[in-house]
Amino acid sequence: MSIVTLQLGQSGNQIGFEVFDTLFSDSHCSQGLCSKRENEAYQAACKERFFSEEENGVPIARAVLVDMEPKVINQTLSKASQCGRWKYGQRSCFCQKQGSGNNWAYGYSVHGPRHAESIMNLIQKEVEKCDSLSGFFIVMSMAGGTGSGLGAFITRNLQDQYSNSLKMNHIIWPYGTGEVIVQNYNSILTLSHLYRSSDALLVHENDALHKICAKLMNIKQISFRDINQVLAHQLGSVFQPTYSEEGSSHYRRNPLGDLMENLVPHPEFKMLGVRNIPQMSEHSLAYSTFTWAGLLKHLRQMLISNAKMEEGIDWQVRPPLSGAPTLGKMPVNRNLHFNTSLANLVILRGKEVHSADLGGFKDPALYTSWLGPDNAFNMWKTQRAFNKYEKSAALVSNSQFLVKPLDMIVGKAWNMFASKAYIHQYTKFGIEEEDFLDSFTLLEQVVASYRNL
């Protein structure tokens with residue numbers, strides 16, 4: 001089954017390019033550490049998901065590119081055609097001459113209604129090229145105007161027109177010290193609207209990605225391209241093919257459906273985060289060896305201590321004792337910042353993958369009391385290595401990881417809203433104070449629900 005990717009705004013288009021490039025490079029990598037037949041099956045499964053073939057043999061990304069300014073889309077198309085290995089479709093882009101000025105209301109209330117029909121037509125043409133549609137992967141930021149405002153509008157339209165298809169929004173969480181003064185307004189409006197129309201929100205935080213670039217990749221002068229490549233590596237480690245079940249040699253057909261089924265057991269909880277291990281520069285990788293036991297021990301501690309990378313993990317954080325009374329559990333969680341999970345999916349790729357012991361992730365103490373590990377934990381595997389890593393593990397988690405950043409953004413937005421700062425920039429495009437209040441109410445409920453896991 002195929003996934004149609006929507007690249008929205010500057011950030012969405014730059015990330016989308018790196019994701020397709022990573023998927024293509026990995027699927028054609030000679031260091032897959034598996035048989036030729038298995039490698040061909042892996043390539044075919046990747047292609048069915050993300051690329052369609054053109055007559056001259058160059059794969060075309062199953063994507064629609066949207067921005068309200070032409071510059072980034074032109075750069076993206078040019079980079080794809082220069083690499084020569086894959087490209088975007090000639091008629092898969094929509095751009096205009098005037099951006100959204102970092103104003104969510106302008107993207108949602110002006111660009112959205114004005115251009116929705118043209119954009120939805122492009123999406124329909126892309127859908128018609130799929131033999132079978134798994135769903136939509138929508139890549140966008142939430143701090144600006146086009147990706148966030150127009151992204152929320154298009155997601156709502158997808159919900160109306162493709163109600164039976166899954167929608168996963170990939171969201172870039174802005175830097176805590178962002179450059180856009182109204183980024184907290186834009187963020188709460190984006191999140192609250194997506195919570196109503198999307199099936200899952202897969203979140204990457206810019207601050208965490210920046211730290212990975214600095215500390216694990218040893219990059220001195222970090223660019224957005226460096227950050228996007230780290231991000232693309234993490235997404236690739238989730239979306240590339242894995243076996244459909246233990247002992248099977250067939251790749252799973254419906255990646256989005258399987259992800260949702262494993263990770264979103266209740267519509268109140270749809271925030272997903274990704275961690276992966278190891279992640280390092282190619283130079284360091286050449287001198288490193290890993291065991292599954294070591295990788296999984298670190299990955300589990302990253303989960304429970306809410307660390308985004310293996311460096312600087314707090315090893316003092318421990319899960320509460322199983323069977324301890326719930327009331328006694330609360331202060332322990334708070335004091336040691338234990339990250340309770342609703343659902344976890346571990347994806348293992350590489351050598352001797354069937355010898356990996358995942359028992360540590362099946363501890364009931366890691367999960368909320370109303371969902372046991374039998375329902376809350378899943379694992380996917382393949383012997384095929386990913387992106388030159390002999391062994392690698394990714395963890396997609398529905399947990400309390402975003403409670404603090406979300407609470408912070410809501411708090412900052414509320415402080416500005418209480419003093420009526422910049423509200424006029426939104427009301428003049430039809431977003432009323434009532435819309436802000438609805439957003440605050442919904443997101444405060446999301447924070448409370450996750451806190452109570």
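The values are calculated or read from the model by the stated rules, or taken from the named source; none is laboratory data. Remember, it's a predicted structure, so these values are computed and weren't measured experimentally. Heads up, the Cβs are rebuilt from the backbone with ideal geometry, glycines too, and the neighbour counts pull from every protein chain shown. The protein model used for the area step is the full one, side chains on, heavy atoms only, and it has no ligands, DNA or RNA in it. Shrake-Rupley method; radii C 1.70, N 1.55, O 1.52, S 1.80 Å.
Structure notes:
- Exclusive hit being crowded, with 19+ Cβ neighbours inside 10 Å, under 24 Å from GLY151 (Cα atoms), β-branched (Val, Ile, Thr) and under 13 Å from the mean Cα position of the chain (by Cα), set VAL238, VAL182: VAL238
- Of the residues making up the stretch 169-216, those that are of a type outside the set (Ser, Thr, Tyr), farther than 16 Å from LEU8 by Cα and assigned to a loop (DSSP other than H, G, I, E, B) are GLY176, GLY178, GLU179, VAL180, ILE181, VAL182, ASP199.
- Inside the stretch 217-235, residues that are open to solvent by 10 Å² or more (accessible area, probe 1.4 Å) and either β-branched (Val, Ile, Thr) or in a helix (DSSP H, G or I) (or both) make up a count of 8.
- Total residues in the stretch 166-182 satisfying the condition of being modelled with pLDDT of 95 or more and among the polar types (S, T, N, Q): the figure is 1.
- Of all residues assigned to the stretch 323-331, at least one qualifies as being more than 24 Å from GLU38 (Cβ to Cβ) and either among the charged types (D, E, K, R) or at pLDDT 80 or above (or both).
- Helices (runs of 4 or more DSSP H) contained entirely in the stretch 20-131, each with at least 2 residues that are within 30 Å of SER244 (Cβ to Cβ): 36-50, 112-128
- Residue that is surrounded by the fewest Cβ atoms within 10 Å (Cβ to Cβ), among those in the stretch 241-255 that are of a type in the set (D, E, K, R) and in contact (Cβ under 8 Å) with a residue 24 or more places away in the chain: GLU246
- Within the set MET260, MET271, the sole residue that is crowded, with 21+ Cβ neighbours inside 10 Å and over 22 Å from PHE386 (Cα atoms) turns out to be MET271.
- Scanning the stretch 376-387 for residues that are part of a strand (DSSP E or B) and charged (D, E, K, R) returns a single hit, LYS381.
Every residue, every condition in (1) open to solvent by 40 Å² or more (accessible area, probe 1.4 Å); (2) modelled with pLDDT under 90; (3) in contact with a helix residue (DSSP H, G or I) (Cβ under 8 Å, 6 or more places away or on another chain); (4) farther than 25 Å from THR368 by Cα, yes or no:
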residue	(1), (2), (3), (4)
MET280	no, yes, yes, yes
THR291	yes, no, no, yes
LEU303	no, no, yes, no
ASN306	yes, no, yes, no
TRP315	yes, no, yes, no
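- Residue selected from the stretch 114-168 under the condition open to solvent by 20 Å² or more (accessible area, probe 1.4 Å) and of a type in the set (A, V, I, L, M), by the criterion nearest to SER11 (Cα to Cα): LEU122
- Qualifying residue in the stretch 1-23 (condition: open to solvent by 50 Å² or more (accessible area, probe 1.4 Å) and modelled with pLDDT of 95 or more): yes
- Residue tally, condition of a type in the set (Lys, Arg), closer than 23 Å to CYS29 by Cβ and either surrounded by fewer than 22 Cβ atoms within 10 Å (Cβ to Cβ) or more than 23 Å from the chain's Cα centre (by Cα) (or both), over the stretch 348-376: 1
- Cβ pairs under 7 Å, 6+ apart, first in the stretch 353-380 and within 19 Å of LEU272 (Cβ to Cβ), second assigned to a helix (DSSP H, G or I) and open to solvent by 40 Å² or more (accessible area, probe 1.4 Å): PHE361/ARG300; PRO373/LYS362; PRO373/PRO364; PHE377/LYS362
Per-residue answers, yes or no, for (1) of a type outside the set (A, V, I, L, M); (2) free of Cβ contacts under 8 Å to residues at least 12 places away in the same chain:
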position	(1), (2)
ILE212	no, no
ASN218	yes, no
SER223	yes, yes
VAL238	no, no
GLY257	yes, no
GLU268	yes, no
ILE277	no, no
SER281	yes, no
ARG300	yes, no
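- Screening TRP173 on (1) open to solvent by 20 Å² or more (accessible area, probe 1.4 Å); (2) of a type outside the set (Ser, Thr, Tyr); (3) under 23 Å from GLY236 (Cβ atoms) shows it passes everything except condition (1).
- The single condition among (1) surrounded by fewer than 20 Cβ atoms within 10 Å (Cβ to Cβ); (2) over 22 Å from the mean Cα position of the chain (by Cα); (3) over 22 Å from ILE172 (Cα atoms) that MET379 does not satisfy is (2).
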